[in-house]
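**Student:** Below is a structure I'd like to ask you about.
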Amino acid sequence: MSECFRHNMEAFKLPIDKGFDLVVTRAYSHLSRFERRNSPRSDAPQIDDTPTYLQVKSLQIEPKLQNARSNDRPKWEGHFLLKTADLDLLCETKNSALACVLFVKYESSVYLSGLTAFSWWIPSNSLKKLRNTNYFIKESDNEVFSLNVLYKEPAKDKLQNQHTYISLRKQSGSFEAASGALASGGMLDKSLFDFGQLGSNLAWP
């Protein structure tokens, strides 16, 4: 919600539980004639004024080193769970998106500990592509899908430029892969971390 308000949008919690958590509008921008005259810029994505419905998933994580090597990168790997009915609803509702938030625990020399957040959104059309290319993996009870995520931080004693990144993992398609084995997927595009573009028809992946 704070990301939406930060970009001059309004976010409201829905009083019903039918697959969406928030409805996001651009009433302020829509009603401001001055802002409408001067935006969007010619190089900015076209944003629809139609409200956007969000399903929100969040996790609190603590990245760890896998071994004691000084150039090892702290990482975390896990998944978000979505009900089959909710994923179907997201894929079939054009003005909707899945919003994911990782609250990352860190240690600091100033503070004993703290949290920082990484949030991104995936539009309906992209969710449909991800589902069709085995990024959503069906759990054993057949009523839930998992979206697998890999989070990596720069190494503590880095010798080259590194960046924190988040990528998705998909079901391995190799004939030799064990049941449930995952394969490397694509890194999340930078535009997905920009909630100012929420509602644009991004072509990702």
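The values are calculated or read from the model by the stated rules, or taken from the named source; none is laboratory data. This one's a predicted model, so the numbers in the text were calculated from it and none came from an experiment. We place every Cβ from the backbone using ideal geometry, glycine too, and count neighbours over all the protein chains shown.
**Student:** Could you grab the pairs with beta carbons closer than 7 Å, sequence gap of 6+ or different chains, first residue in the range 152-178 and under 16 Å from Trp76 (Cβ atoms), second one loosely packed, with under 11 Cβ neighbours inside 10 Å and at pLDDT 80 or above?
**Tutor:** Partner pairs satisfying both residue conditions: Pro154/His163.
Rundown of residues vs (1) among the basic types (Lys, Arg); (2) within 18 Å of Gln162 (Cβ to Cβ); (3) in a loop (DSSP other than H, G, I, E, B); (4) at pLDDT 95 or above, yes/no style:
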position: Ser58; (1), (2), (3), (4): no, no, no, yes
position: Arg69; (1), (2), (3), (4): yes, yes, yes, no
position: Asp72; (1), (2), (3), (4): no, yes, yes, no
position: Leu90; (1), (2), (3), (4): no, no, no, yes
position: Val101; (1), (2), (3), (4): no, no, no, yes
position: Lys105; (1), (2), (3), (4): yes, no, no, no
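**Student:** If you scan the range 164-188, which residues turn out to be surrounded by fewer than 16 Cβ atoms within 10 Å (Cβ to Cβ), touching a strand residue (DSSP E or B) at 6+ places or on another chain (Cβ under 9 Å) and outside any strand (DSSP E or B)?
**Tutor:** Thr164, Gly173, Ser174, Ala177, Gly180, Ala181
**Student:** Select from the range 39-56 the residues that are modelled with pLDDT of 85 or more and either touching a helix residue (DSSP H, G or I) at 6+ places or on another chain (Cβ under 7 Å) or among the aliphatic types (A, V, I, L, M) (or both) and list them in ascending order.
**Tutor:** Those that are modelled with pLDDT of 85 or more and either touching a helix residue (DSSP H, G or I) at 6+ places or on another chain (Cβ under 7 Å) or among the aliphatic types (A, V, I, L, M) (or both): Leu54, Gln55, Val56.
**Student:** In this structure, is Val101 within 23 Å of Trp76 (Cα to Cα), β-branched (Val, Ile, Thr) and buried (at least 18 other Cβ atoms within 10 Å of the Cβ)?
**Tutor:** Taking the combined requirement at face value, the residue does not satisfy it.
**Student:** Taking Ser124 as the residue in question, decide whether it is of a type in the set (Ser, Thr, Tyr) and modelled with pLDDT of 95 or more.
**Tutor:** yes
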